[in-house]
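First comes the structure, then the notes that go with it.
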Amino acid sequence: MIPATPPGPGPGARTRGPDPGSENDAMPKPPLLSSPDLERSSVVANNTMNRERGLTGVNSYARELGIDLLAHLAGRPAPAWLDLCSGEGRALREAAASLPAGAVLTAVDLVGPLVPRPVQPAPEEITASVSSWTPIRTYDLITCVHGLHYVGDQLGLLARAASWLTEDGLLAAHFDPDSIRRADGATAAKAAVSALRASGFAYSSRHHRLTLRGRRAVSLPFRYLGADPAAGPNYTGQPAVGSHYTAL
Ligand SMILES: C[S@@+](CC[C@H](N)C(=O)[O-])C[C@H]1O[C@@H](n2cnc3c(N)ncnc32)[C@H](O)[C@@H]1O
């Protein structure tokens, strides 16, 4: 089921009208930011974010994604894992010790790891925006753990990432449909989830998890307009970004 209630307003958040679950409710237009401007905003540069999740345990990718990531990579001679919005990159580093020497581990984050911790095989740690970065290879596993909440063109990133998977690769990401908005601020949650499902993604509204198995070309019927950094807290309780689109 798609959540019908948007996240509660945070400091500076605007009221979105009496019936935010409707696809047609008219609301004031928020000022929309380009990706570079969004990436300089306080919502993205929020230093209270949890950037320290490890591979397993209480504060972990296994718990947040509900997936045994090493089991997915097992049996591959040179498994490749791409972690988008990787924070400190702890999950990749902890996985390194259990993976073959030929494993490829790629972490991409706007800020990058703040604390260097050498491991083998050494992850490739790229400081870049996932909104513009593109890999030069495909991956058996692509994760984005609580990272899309801070990305402007979330749907564009998901479509691009679908093409970065190997034939039997797995993409797993947290996704809040309520963050997908029309030009006037009305929700596009249902349309976004429908389009993602039609393209092969599975979505669990209970856990806010999107998954996709196997590389494919994805074209979603949305044109990105810009991001609202004042959308307020999302289901995680942290301030998140609103991503605005027109229908194609
Ligand atoms: C809530 S943290 C999650 C970090 C990590 N996945 C974890 O669970 O420990 C979100 C991360 O997204 C990163 N981020 C936000 N916008 C980004 C962008 N456009 N490109 C790359 N990373 C971004 C932030 O720097 C932050 O490290």
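Just so you know, all these numbers are worked out from the coordinates, no wet-lab data involved. Please read these numbers as outputs of a predicted model, since none were measured by experiment. No Cβ is skipped: glycine too gets one built from the backbone with ideal geometry, and neighbour counts run over all protein chains shown.
Observations on the model:
- Scattering curve values for the chain, log₁₀ I(q)/I(0), Debye with Cα scatterers, q = 0.10, 0.14 Å⁻¹: -0.45, -0.89
- Whole-percent pair-distance distribution, where bins are 10 Å wide, for the alpha carbons of the range 74-157: 18, 52, 26, 4
- Counting only DSSP beta bridges whose two residues both lie in the chain, roughly 45 percent are antiparallel.
- Given charges at beta-carbon only (K, R positive; D, E negative), |dipole| of the chain in Debye: 260 debye
- Taking Cα atoms only, the orientation of helix 189-198 departs from the longest principal axis of the chain by about 40 degrees.
- A cut-off under 11 angstrom between Cβ atoms defines the neighbours of Ala227, and their net charge, with Lys, Arg +1 and Asp, Glu -1, is -3.
- Centre-to-centre, using Cα atoms only, the range 61-104 and the range 127-161 are separated by 16 Å.
- For the chain, the relative contact order is 24 percent, taking Cα pairs closer than 8 Å that sit 6 or more residues apart in sequence and dividing their mean separation by the residue count.
- Listed peptides 31-39, 136-144 appear in the order 136-144, 31-39 once ranked by packing, highest mean of other Cβ atoms within 10 Å at the front.
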